[in-house]
Amino acid sequence: MKLDLTKFDALTFDVYGTLIDWEPTIISMFHSTADQYGVTLSNEQLLMEFDKARAALQKQRPALLYPDVLRAAYDQFCRNYDIPENLEEREVYANSVMLWPTFADTRAAMAHLQKHFKIGLLSNIDNASIQFSERKLGIKADVIVTAENVSAYKPDLAHFRAAFETFAAMGIPKERILHVGQSLRADVIPANQLGLSSVWIKRPGRSLGSRPEDAIGAVPDLSFDTMGELVLYHQAHLALA
């Protein structure tokens, strides 16, 4: 059954992978390190090296701040391929969030949506890093929940529950919140578990969190390739309202 977006008061978003295009920069950084030492890996293999390290690191409790996740992923990559660690290069990894660009359609989409909805950002990032990205999005979010805030990483449900509590204080119940994300694993599946309506933004050519093994049990209410398509869908409902 198609959702009428005009029935929602708030949209919550995954940030990295949905609004911010992080995969190309991650691949480029690992390529740079690999190329220096004659390590030949495909883009997909490099991305998987990062994702394997990330997955292990994000199980740690208390949760690491994201710059520490990036440092540790670099360290693990160097160990895997017998590459001498370089502290300056390591810090480039740690601070790379500020280099991650928005997708081409993000700013225009968010400008439209913020006129009609309260906006929440639910991210596995740290508080300092989200500030760079929020400015790139061109918005001021009404609610921000980070891994640093809740000491956990999605798909843990802590982000969502914290957002529900904050929106409830604004008079917005869970039933009036729609979650939007690229990751089936970290966004759609927990939304399903919580009975939260969700939209999957596929972002063709990007894969972290939405491979077949990540999709088991994921049932989004709507699916679009881009944020621009989500805006067009909303505009169509506005025209009928």
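The values are calculated or read from the model by the stated rules, or taken from the named source; none is laboratory data. Values in this document were obtained by computation on a predicted structure and should not be read as measured data. Neighbour counts run over all protein chains shown; Cβ positions are idealised from the backbone, glycine included. Protein only, heavy atoms only, side chains kept; ligands, DNA and RNA dropped before computing areas. Shrake-Rupley method; radii C 1.70, N 1.55, O 1.52, S 1.80 Å.
Scanning segment 111-157 for residues that are closer than 19 Å to ASP187 by Cα and out of contact with any strand residue (DSSP E or B) (no Cβ under 8 Å at 6 or more places or on another chain) yields GLU148, ASN149, VAL150, SER151, ALA152, TYR153, PRO155, ASP156, LEU157. If you check ASP68 against the conditions, is it under 30 Å from LYS174 (Cα atoms) and open to solvent by less than 70 Å² (accessible area, probe 1.4 Å)? So ASP68 does not fit the description; no. Answer with yes or no whether TYR81 is modelled with pLDDT of 95 or more and among the hydroxyl-bearing types (Ser, Thr, Tyr). For TYR81, the condition - modelled with pLDDT of 95 or more and among the hydroxyl-bearing types (Ser, Thr, Tyr) - is met.
Okay, residues lined up against (1) touching a residue at least 60 places away in the same chain (Cβ under 8 Å); (2) under 18 Å from LYS154 (Cα atoms):
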position	(1), (2)
ARG185	no, yes
TRP200	no, yes
LEU222	yes, no
GLY228	yes, no
ALA236	no, no
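Of the residues ALA128, ALA169, ALA158, the single one that is closer than 18 Å to TYR16 by Cα and surrounded by fewer than 17 Cβ atoms within 10 Å (Cβ to Cβ) is ALA128. Number of residues in segment 85-115 that are in contact (Cβ under 8 Å) with a residue 24 or more places away in the chain and over 22 Å from the mean Cα position of the chain (by Cα): the value is 1. All but one of (1) free of Cβ contacts under 8 Å to residues at least 40 places away in the same chain; (2) part of a helix (DSSP H, G or I) hold for GLN60; which doesn't? Every listed condition holds for GLN60 apart from (2). Scanning segment 190-241 for residues that are charged (D, E, K, R) and either in a helix (DSSP H, G or I) or within 16 Å of LEU178 (Cβ to Cβ) (or both) gives GLU213, ASP214, ASP221, GLU229. Exactly one residue among ASP4, ASP75, ASP21, ASP9 is open to solvent by less than 60 Å² (accessible area, probe 1.4 Å) and at pLDDT below 95, and that residue is ASP4.
GLY205 satisfies every condition listed in (1) on the phi > 0 side of the Ramachandran plot; (2) touching a residue at least 12 places away in the same chain (Cβ under 8 Å) except (2).
Per-residue answers, yes or no, for (1) on the phi < 0 side of the Ramachandran plot; (2) assigned to a loop (DSSP other than H, G, I, E, B); (3) in contact (Cβ under 8 Å) with a residue 24 or more places away in the chain:
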{"site": "LYS2", "(1), (2), (3)": "yes, yes, yes"}
{"site": "THR18", "(1), (2), (3)": "yes, yes, yes"}
{"site": "SER28", "(1), (2), (3)": "yes, no, no"}
{"site": "THR33", "(1), (2), (3)": "yes, no, yes"}
{"site": "GLY38", "(1), (2), (3)": "no, yes, no"}
{"site": "LEU46", "(1), (2), (3)": "yes, no, no"}
{"site": "ALA56", "(1), (2), (3)": "yes, no, no"}
{"site": "LEU64", "(1), (2), (3)": "yes, yes, no"}
{"site": "ASP75", "(1), (2), (3)": "yes, no, no"}
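Quick check on segment 83-93. Is at least one of its residues under 19 Å from TYR37 (Cβ atoms), of a type in the set (A, V, I, L, M) and open to solvent by less than 30 Å² (accessible area, probe 1.4 Å)? Yes, segment 83-93 has at least one match.
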